[in-house]
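Structure, as structure tokens:
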2 protein chains.
Amino acid sequence: MKLRILTLLVGSVCAQAIAQNGGSPSQSAEAARLQQQIQGGRAKNIIFLLGDGMGDSEITAARNYQVGAAGRLAMDTLPFTGAVTTYSLQEVDPSKIDYVTDSAAGGTAWATGQKTSNGRISTSAKTDKPLKTILELAKELGYRTGNITTAEITDATPAVLGAHVNSRSCQGPADMKACPQYKKSAGGAGSIAEQLVDHKIDVLMGGGRQRYEQIIDGGPGEGSSVIASAEAQGYKAISTARELSEVHLEPGQRLLGLFNEGNMSMEWSGDPAIPYPGSGPQRCKEFVRPTNEPALLSMMMKSIRLLENANNDPQAAGFFLQVEGAQIDKRAHTAEPCEQIGETIAFDNAIKLALDYAAANPGTLIMITADHGHSTQIVPEPNAGNHGAGLMSTLVTTEKANMTLYYGTNAVCCASSHSMEHTGTQVRIAAQGPQAFGVLGVNDMTDMYHLMARALGAE
Amino acid sequence: MKLRILTLLVGSVCAQAIAQNGGSPSQSAEAARLQQQIQGGRAKNIIFLLGDGMGDSEITAARNYQVGAAGRLAMDTLPFTGAVTTYSLQEVDPSKIDYVTDSAAGGTAWATGQKTSNGRISTSAKTDKPLKTILELAKELGYRTGNITTAEITDATPAVLGAHVNSRSCQGPADMKACPQYKKSAGGAGSIAEQLVDHKIDVLMGGGRQRYEQIIDGGPGEGSSVIASAEAQGYKAISTARELSEVHLEPGQRLLGLFNEGNMSMEWSGDPAIPYPGSGPQRCKEFVRPTNEPALLSMMMKSIRLLENANNDPQAAGFFLQVEGAQIDKRAHTAEPCEQIGETIAFDNAIKLALDYAAANPGTLIMITADHGHSTQIVPEPNAGNHGAGLMSTLVTTEKANMTLYYGTNAVCCASSHSMEHTGTQVRIAAQGPQAFGVLGVNDMTDMYHLMARALGAE
């Protein structure tokens, strides 16, 4: 209480000092507001929002399309912004850099504070040691935990928080070709699907039901599906938007929502990018997601409701929630601009909710970043004399101007083995709340783990 | 004096408050340091550094090559960072957006606070009205002014500060095909070369001597070269690095340094990017600039020396200096990664000097940004099955790992009419000093004018 009064008092003295330091009243007020937002200390809650493959170019394309070049997305409104380097390590010689990360190594970086090689899920390059994750740390400290995505919940980004395995491909007990030593029948920790459940994460939602229907090959759950094993361990399993809206958990019960066999369905559709002169000019078709699958926003709203301390007891622990907008990446890989932008906007809708929640719960740290950049480039409208050899599509934005998106990093596209590439650019981070000022300047992705650990009071 | 003491006192109270607000001592100190850096008020000096085409991808490529992925460039070390939108307007209908700007419209945005169409130099789209520039404002307020570049000094970026014309192509009195109404013989303000001199900018340096050797076709200087006209108006004209190092100005004299007929020479060279499998792996050849041309760093050091108030009179006005690293853009257009990175590093060396100057002169506002993104992408090393159809080169970085740079936005490259394209991505800005906190978050390029105007005490 004493601390709180001191903080308020000093905030006001700081504001006054700025006012005396010159500048217009509105600028001085802005400076004072900003000074007050530089908060150390612990966060009651952490909401970490990861736009997979959402580099600056992908953000700009979505903004231009949806709210116009001068408009602002929810993700644009946070007070602190910085850049993040995303590189990974080479598996054969981890002293060597790999300048283009995948989501597994990129995710391991923010989730564990340590670099690894592409394809690895929270294990060290070459030596294959488990690396402790921020979700594990939060759990130890009594925080409730959530992990949601629009991809399969066993995909790389959600996997890095609650699994340790040498290959991201090991998503279910029948997918263990690349990691036989991790099989439960070999005495290992099992597939990503199994490990996420065994981690007792309070809320797990996304796609990937097919992984959870696979049969466990060893240990206590041997012979049963991963879903059955989850239920035996206290999870309530649901699979539709309606079940989600109506779900009620008993005390101590956890939630496993699996809303699609594979990745969840797209929010928008449109014509894919094609060679010159490209597809379009087109407006995207919105609202194409089947109604039995929930929006990311709905998953997030329910997650927060289930995770938060409803009694508002100041002594009770808060929550750590990871929210992935996964298919920004997947639809950049396949050069489908409408699908990509639709997923970016759906992700931004979730961000808007996080900001609303934080406004009512100011001890909440919000972080928004990407694990790597992607191929999307905004280029001048192509003509016969000037155009790339790759794929392109011209979209008609909300302000009725043409915007051409270009995807050129792979000449053969878009089978899964020949997709547009990730890029090695630094990406943007935005944050607000306790410790958020730590994102200013140029950071590495591993710094994000340490920032969150500080906000948990552990560093 | 009273203000200064108050500010120090409050700084210390703020620091204490943060220390009490939790977090480790080092984090608390960091928060307090940052709070103290949130300064309103006027800047004694403004150094605006523009990396032409220096998007996040171009920055990351240069960092990886020169100091390694975990290394830090000088431009990475500033306390405040944000994003900037760069779009321009369509000439035929300025109510419509052009999502990919050129350096003329991009420059007009930061130099005047107003959007225009591509190709225009500080004039309004369609209506061709002159737009007041930040250099003109600074001059009115008694600041000394400098404008230096590695391109021709008549190129778009330096032009936007001290010229108003409907086309960037009108660089010298013999280049007026696109703007006959601006010819001096037609009663106009003349070419960019003429206008820069007529603006009486205190320090003007770069390439572009050929523009200044052209003959003025009207007005007081009719029949003489622009250089002769400049000398008649009080400029000392120089053309070599040696002259630069030895130059001494009489009171009231101004400096015109023209060190190349066209753009200045490159700092580095190497093999250009070519189709798959690309050039390299290569290390770049450094130090290839002819010694009779100065480095950007040397031009900047001399500019500051000439512009600053050497007597350290607290009542005297300071200076406004624009420093352009111009050929990051030009060598991305031509897909020459070594040249591009060499120019980025040369620009960073100038930034280092600006930071050193600001450390000794804390009232200095430093801003570093780009006018638009460019085509450069850092991609996985290409192989037969996965590579783009564009141009690529693999560089061996300082940490002895391979980094592949890819340029794919134009299928025919690299004649001037078929070059790699600018991109419409938001770009990074970094700043420190009075008003610098204004760059946090997502800004538009026009906001940069207003931030500088506030720092000049004019808004």
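Of all residues in the stretch B:102-124 being of a type in the set (Val, Ile, Thr) and within 17 Å of the chain's Cα centre (by Cα), which is farthest from the other protein chains (Cβ to nearest Cβ)? Restricting to residues being of a type in the set (Val, Ile, Thr) and within 17 Å of the chain's Cα centre (by Cα), the top hit is B:ILE121.
Checking each residue in the stretch A:388-406 for being facing chain B (nearest Cβ under 9 Å) and either touching a His at 6+ places or on another chain (Cβ under 7 Å) or farther than 20 Å from B:SER88 by Cα (or both) picks out A:GLY388, A:ALA389, A:GLY390.
Looking across the stretch B:50-83 at every residue that is facing chain A (nearest Cβ under 10 Å) and surrounded by fewer than 24 Cβ atoms within 10 Å (Cβ to Cβ), the one that is nearest to B:PHE437 (Cα to Cα) is identified as B:PRO79.
Mind checking which residues of the stretch A:235-257 are under 24 Å from A:ARG211 (Cα atoms) and not aliphatic (A, V, I, L, M)? Answer for the stretch A:235-257, where residues must be under 24 Å from A:ARG211 (Cα atoms) and not aliphatic (A, V, I, L, M): A:TYR235, A:LYS236, A:SER239, A:THR240, A:ARG242, A:GLU243, A:SER245, A:GLN253, A:ARG254, A:GLY257. Screening A:TYR99 with (1) of a type in the set (Phe, Trp, Tyr); (2) within 10 Å of another protein chain (Cβ to nearest Cβ); (3) under 19 Å from A:ALA326 (Cα atoms) gives one miss only, at (3). Cβ-Cβ contacts under 6 Å between residues 6 or more apart (or on different chains), taken from a first residue in the stretch B:271-288 that is without any contact (Cβ under 8 Å) to a residue 60 or more places away in the chain to a second residue that is among the hydroxyl-bearing types (Ser, Thr, Tyr) and not in a loop (DSSP other than H, G, I, E, B), are listed as B:LYS285/B:SER269; B:VAL288/B:SER269.
Scanning the stretch A:418-433 for residues that are within 8 Å of another protein chain (Cβ to nearest Cβ) and either free of Cβ contacts under 8 Å to residues at least 60 places away in the same chain or in a loop (DSSP other than H, G, I, E, B) (or both) yields a count of 6.
Scan the stretch A:53-83 for residues that are in contact with a strand residue (DSSP E or B) (Cβ under 7 Å, 6 or more places away or on another chain), farther than 23 Å from A:MET445 by Cα and of a type in the set (D, E, K, R) and the total you get is 1. Residues that are aliphatic (A, V, I, L, M), surrounded by fewer than 24 Cβ atoms within 10 Å (Cβ to Cβ), part of a helix (DSSP H, G or I) and within 24 Å of the chain's Cα centre (by Cα) do occur in the stretch B:448-456, at least one of them.
Kindly indicate whether A:LEU355 is assigned to a helix (DSSP H, G or I) and under 22 Å from B:GLY82 (Cβ atoms). The answer is yes for A:LEU355.
Checked against the criterion of being β-branched (Val, Ile, Thr) and farther than 30 Å from B:MET392 by Cβ, the candidates A:THR376, A:THR397, A:THR344 yield just one match: A:THR397.
In the stretch A:180-254, counting only helices (runs of 4 or more DSSP H) that sit wholly within it, the ones holding 3 or more residues that are under 21 Å from A:GLU324 (Cα atoms) span A:192-198, A:209-212, A:241-246. Among the residues of the stretch A:360-382, write down those that are of a type in the set (Ser, Thr, Tyr) and assigned to a strand (DSSP E or B). If the condition is that a residue be of a type in the set (Ser, Thr, Tyr) and assigned to a strand (DSSP E or B), then A:THR364, A:THR369 are the ones that fit. Residues of the stretch A:367-391 being aliphatic (A, V, I, L, M) and under 21 Å from A:SER103 (Cβ atoms), which ones? A:MET367, A:ILE368, A:ALA370 - these are the residues of the stretch A:367-391 that are aliphatic (A, V, I, L, M) and under 21 Å from A:SER103 (Cβ atoms).
Okay, residues lined up against (1) outside any helix (DSSP H, G or I); (2) out of contact with any Lys or Arg (no Cβ under 9 Å at 6 or more places or on another chain); (3) at pLDDT below 95:
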site: A:PRO94; (1), (2), (3): yes, no, no
site: A:GLY106; (1), (2), (3): no, yes, no
site: A:TRP110; (1), (2), (3): no, yes, no
site: A:LYS115; (1), (2), (3): yes, yes, no
site: A:LYS126; (1), (2), (3): yes, yes, no
site: A:ALA138; (1), (2), (3): no, no, no
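Residues in the stretch A:383-394 include none that are of a type in the set (A, V, I, L, M, F, W, C), closer than 22 Å to A:MET75 by Cα and modelled with pLDDT of 95 or more.
Restricting the first member to the stretch A:434-459 and to residues that are more than 10 Å from every other protein chain (Cβ to nearest Cβ) and on the phi < 0 side of the Ramachandran plot, and the second to residues that are among the β-branched types (Val, Ile, Thr) and part of a loop (DSSP other than H, G, I, E, B), the beta-carbon pairs closer than 6 Å and six or more apart or on different chains are A:MET445/A:THR86. Each residue in the stretch A:1-31 was checked for being surrounded by fewer than 20 Cβ atoms within 10 Å (Cβ to Cβ) and modelled with pLDDT of 50 or more, and 5 pass. Within the stretch A:410-417, is there a residue that is outside any strand (DSSP E or B), within 10 Å of chain B (Cβ to nearest Cβ), surrounded by fewer than 19 Cβ atoms within 10 Å (Cβ to Cβ) and under 24 Å from the mean Cα position of the chain (by Cα)? So far as the stretch A:410-417 goes, yes, one or more of its residues are outside any strand (DSSP E or B), within 10 Å of chain B (Cβ to nearest Cβ), surrounded by fewer than 19 Cβ atoms within 10 Å (Cβ to Cβ) and under 24 Å from the mean Cα position of the chain (by Cα). Considering (1) in contact with a strand residue (DSSP E or B) (Cβ under 6 Å, 6 or more places away or on another chain); (2) surrounded by fewer than 24 Cβ atoms within 10 Å (Cβ to Cβ); (3) not in a strand (DSSP E or B), the lone condition that B:THR394 does not fulfil carries the number (3).
When you check A:ILE153 against the structure, is it modelled with pLDDT of 95 or more and either under 22 Å from A:ALA358 (Cα atoms) or out of contact with any helix residue (DSSP H, G or I) (no Cβ under 7 Å at 6 or more places or on another chain) (or both), yes or no? Against the criterion (modelled with pLDDT of 95 or more and either under 22 Å from A:ALA358 (Cα atoms) or out of contact with any helix residue (DSSP H, G or I) (no Cβ under 7 Å at 6 or more places or on another chain) (or both)), A:ILE153 does not qualify.
Here the condition is being closer than 22 Å to B:ARG211 by Cβ, surrounded by fewer than 24 Cβ atoms within 10 Å (Cβ to Cβ) and without any contact (Cβ under 8 Å) to a residue 40 or more places away in the chain; of B:PRO130, B:PRO94, it holds for B:PRO130 alone.
Which residue is surrounded by the most Cβ atoms within 10 Å (Cβ to Cβ), if the candidates are limited to the stretch A:355-387 and must be within 10 Å of chain B (Cβ to nearest Cβ) and in contact with a Pro (Cβ under 8 Å, 6 or more places away or on another chain)? Top of the filtered list is A:THR376.
Would the stretch A:315-326 turn up any residue that is of a type in the set (Phe, Trp, Tyr), within 21 Å of A:ASN64 (Cβ to Cβ) and surrounded by 23 or more Cβ atoms within 10 Å (Cβ to Cβ)? No, every residue in the stretch A:315-326 fails to be of a type in the set (Phe, Trp, Tyr), within 21 Å of A:ASN64 (Cβ to Cβ) and surrounded by 23 or more Cβ atoms within 10 Å (Cβ to Cβ). Scanning the stretch A:272-294 for residues that are assigned to a loop (DSSP other than H, G, I, E, B) and surrounded by 17 or more Cβ atoms within 10 Å (Cβ to Cβ), we see that the one that is farthest from the chain's Cα centre (by Cα) is A:GLY278.
The values are calculated or read from the model by the stated rules, or taken from the named source; none is laboratory data. Predicted model only: the values in this text are computed from it and were never measured. Neighbour counts run over all protein chains shown; Cβ positions are idealised from the backbone, glycine included.
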